[in-house]
Amino acid sequence: MNLDHILQQVAVASPLFVLVFLGYCLGRWGGWGKEASKALSAFVFTVAMPALLFRQMATFGDLSGVDARLLIAFFGGCGVVFLLGRLLSWRLFGHNGVEQSVFGLGGVFSNNVLLGIPIAHLLLTEQHIPPVALALVFNALILWTLVTLSVEWARHGEFSLRGIGNTMKGVLTNPVVASIIGGAAYGFAGLTIPTVIDRPMAMLASATGPMSLLALGLSLAEFGIRRGWQASSTISAVKLVLHPLAVWGIALVIGLPLIETQAVVMMASLATGVNVYLMSRQFQALEGETSAALLISTAFSAVTVPLWIAATAAV
């Protein structure tokens, strides 16, 4: 690790802070109150994000040359840390099932789209891009489905046909999960999105990141960064330390090659993704805590990400 790597990552992340600050200013002094924040978050979650994910799943390229065991390392680590996060959420803060699910998601859902690919280009090599892309393809499908299933089970779960039916209905009608499954089915069927539909979808998809960050800034103006700082700090620690450690451990156990190992550890070491805030807003759980965790983890990841990359190279 060197100072140049840290400064490069700060440069990559700086536009995120600018947009969050703009959203904060609009909420604090621009008259954009709670209803505006709620409406913007709802639009991103139900329209813009599904457009992005449907298009991504329907059009991803051939990644067959990559060692698919990286999926075991990455998502195995996600599963372990998600369960650990739920346990910490319950034992340390007394959170209910829905809050535990959002807390656990904060510890495993990385800011892959906004930071993952740019940082891979800056700190790694072109050989690392296909492994990162393969993990990205399945990231939203697996993690969104996991947390939605966890939340719906906390709400409706019981070992009966009715309870299981209510849980699955909640999962499949979630706009994000539905768009991922629909996009994957569309892509595997060999269909292409007509230009007249693809272009507006692409425009919506490109706006997802900026609008999500503005919504996050509005949330900070509403809740403040000090609300639940213990929980937000714990989420950040789980994300920046335990998540990459778990992924790296599994990668070592299964003998994953160095290129794939560095790719998945880098992705796991990234800051908490803005999607976690959108999920917290959708389920009305830990909204202030997750928005603060995004800022805290993004700030500290400028140091921790190069450290994890250097550690994997050394070993």
Enumeration of residues in the stretch 142-172 that are modelled with pLDDT under 75 and aliphatic (A, V, I, L, M): L161, I164, M168, V171, L172
Looking only at the stretch 258-279, decide whether some residue is in a helix (DSSP H, G or I), acidic (D, E) and within 20 Å of L141 (Cβ to Cβ). yes
Check S41, S14, S64 and return the single one that is at pLDDT below 85 and within 15 Å of R281 (Cα to Cα). S41
For G183, indicate whether it is surrounded by 24 or more Cβ atoms within 10 Å (Cβ to Cβ) and in a helix (DSSP H, G or I). yes
With I235, I254, I250 as the choices, which residue is modelled with pLDDT of 85 or more, more than 22 Å from L22 (Cα to Cα), surrounded by 24 or more Cβ atoms within 10 Å (Cβ to Cβ) and not basic (K, R)? I235
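Give S291, S297, S219 a once-over and let me know the one that is under 17 Å from the mean Cα position of the chain (by Cα), farther than 23 Å from L83 by Cβ and at pLDDT below 90. Show your work before the answer.
Details: S297 fails: farther than 23 Å from L83 by Cβ; S219 fails: under 17 Å from the mean Cα position of the chain (by Cα).
That would be S291, the only listed residue that is under 17 Å from the mean Cα position of the chain (by Cα), farther than 23 Å from L83 by Cβ and at pLDDT below 90.
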Right, T312: in a helix (DSSP H, G or I), modelled with pLDDT of 85 or more and not hydrophobic (A, V, I, L, M, F, W, C) or not? yes
Could you run through the stretch 217-232 and say how many residues are surrounded by fewer than 18 Cβ atoms within 10 Å (Cβ to Cβ) and outside any helix (DSSP H, G or I)? 4
Cross-chain or 6+ apart pairs with Cβ under 6 Å, the stretch 23-38 first and farther than 11 Å from A221 by Cα, then part of a loop (DSSP other than H, G, I, E, B) and at pLDDT below 85: none
When you scan the stretch 186-216, how many residues do you find that are more than 26 Å from V18 (Cα to Cα), aliphatic (A, V, I, L, M) and not in a loop (DSSP other than H, G, I, E, B)? 2
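The values are calculated or read from the model by the stated rules, or taken from the named source; none is laboratory data. All of these numbers come straight from a predicted model, not from anything done at the bench. Neighbour counts run over all protein chains shown; Cβ positions are idealised from the backbone, glycine included.
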